[in-house]
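Shown next, in structure tokens, is the structure this report addresses.
The numbers here are math on the coordinates, done by the rules we state, and not lab data. What you are looking at is a predicted structure, and each value in this text was computed from that prediction instead of being measured. Backbone-built Cβ (ideal geometry, glycine too); neighbour counts: all protein chains shown.
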Amino acid sequence: MARNKIALIGAGNIGGTLAHLALTRDLGDVVLFDVVEGVPQGKALDLNQCGPVEGKDGNLKGTNDYADIAGADVCIVTAGVARKPGMSRDDLLGINLKVMKAVGEGIKAHAPNAFVICITNPLDAMVWALREFSGLPHHMVVGMAGVLDSARFRHFLAEEFGVSKQDVTAFVLGGHGDTMVPVIEYSTVAGIPIPALIKMGWSTQERIDAIVDRTRKGGGEIVALLKTGSAYYAPATSGIEMAEAYLKDKKRLLPCAAYLDGQYGQKGLYVGVPVILGAGGVEKVVEIELNDKAKANFQTSVDAVKELMVACAAIDTSLK
Ligand code: APR
């Protein structure tokens, strides 16, 4: 059987890390695309030289030509600009919208059967625009945010409880930004929900509230420390988790920015919800019951995403 082909659009910090992870996890051959000449070629050559040491046969190719992504099974999009200190994700909108147009058209022309994972920010608006520009079916285009946001939440919770990160599951809904909605009732240590752990004296509501706040601002905390860009190891690991779910038909239940067509009372937009990811792409949007507070927070998050969509449509009138 031929190897899978993974196209990485954007060969920056996340793109390079994605390529390394795809190689070491044996996901297939990788094409690294970027508009900057030399960078994707240099990273691909460097990564190819990991192969003999790692015992990995996946081949990497760096390119500035969209024709090289032809026949890709998966495209992961990180093209665009990243945040610098003092910037919000929304500040990236104008520049990255134009990038999504070019990328969407490239995918439409050369890899229309691919499963597309968008990572470029502001995520929920960019994945919507990318889908519009590419014209691919909605269930084949998805945004990566929830896996990362819940990984951040799980890391902080594991530290708080003094337990293995492996045993912490967490649920984060809504847009990727300060309005994201960590749902503590559905977040557990080996099945014990956080409210029960608070009752058991493992933590307090105040400490959990502080962790929720830190999770919401998790990306900004890293931007402030790095000063020259934004997080890339955990975003890349989260993107690869989603690609693997598709390529191996794992039927993973993961929080992703998915297209809603009536689910959760929302229509015509992308926002973070739990979905089943398998060989059919987004095979199902899972509708969980939310309490009134989570519902109100989710609506606030949806409203913030809608505002960005309006801003996109004002910049590019082909978007409605
Ligand atoms: N087509 C392809 N690649 C492009 C284009 C384009 N039109 N425009 C810019 N790029 C490339 C840049 O040349 C750069 O190599 O996208 C890459 C982005 O890499 P970084 O600046 O290192 O950013 P990174 O940390 O990888 O983040 C990428 O993901 O999480 C989001 O907010 C983050 O929007 C940002 C994106």
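Using the Karplus relation 6.51 cos²θ - 1.76 cosθ + 1.60 with θ = phi - 60°, the per-residue 3J(HN,Hα) values for the range 139-154 come to 6, 9, 10, 9, x, 9, 8, x, 5, 5, 4, 6, 5, 4, 4, 5 Hz, with x marking Gly and Pro.
Volume per residue for the range 154-304 equals 129 cubic angstrom (convex hull of Cα atoms).
Give the order of I14, I95, I240 when sorted by the count of other beta carbons within 10 angstrom, beginning with the fewest.
So the residues, fewest neighbours to most, are I95, I240, I14.
Considering the range 5-144, its Cα convex hull presents a mean projected area of 7.9 nm².
Coupling constants for the range 259-275 follow from the phi torsions by the Karplus curve (6.51 cos²θ - 1.76 cosθ + 1.60, θ = phi - 60°), and in residue order they are 6, 9, 10, x, 5, 6, x, 10, 9, x, 8, 9, 7, x, 8, x, 9 Hz; glycine and proline get x. Distant-in-sequence amide contacts of I76, defined by a placed amide H-H separation under 5 Å and a gap of 5 or more residues or a different chain, comprise A7, L8, I9, I117.
FRET efficiency for the pair D292 and S88, taken as 1/(1 + (r/R0)^6) with r the Cβ-Cβ distance and R0 = 35 Å, rounds to 0.80.
Each semi-axis of the equivalent ellipsoid for the chain is √(5λ) with λ an eigenvalue of the Cα gyration tensor; in descending order they amount to 31, 23, 19 Å.
For the range 1-47, the percent of C-alpha pairs falling in each 10 Å distance bin, counted from 0 to the bin holding the largest distance, reads 30, 57, 12, 1.
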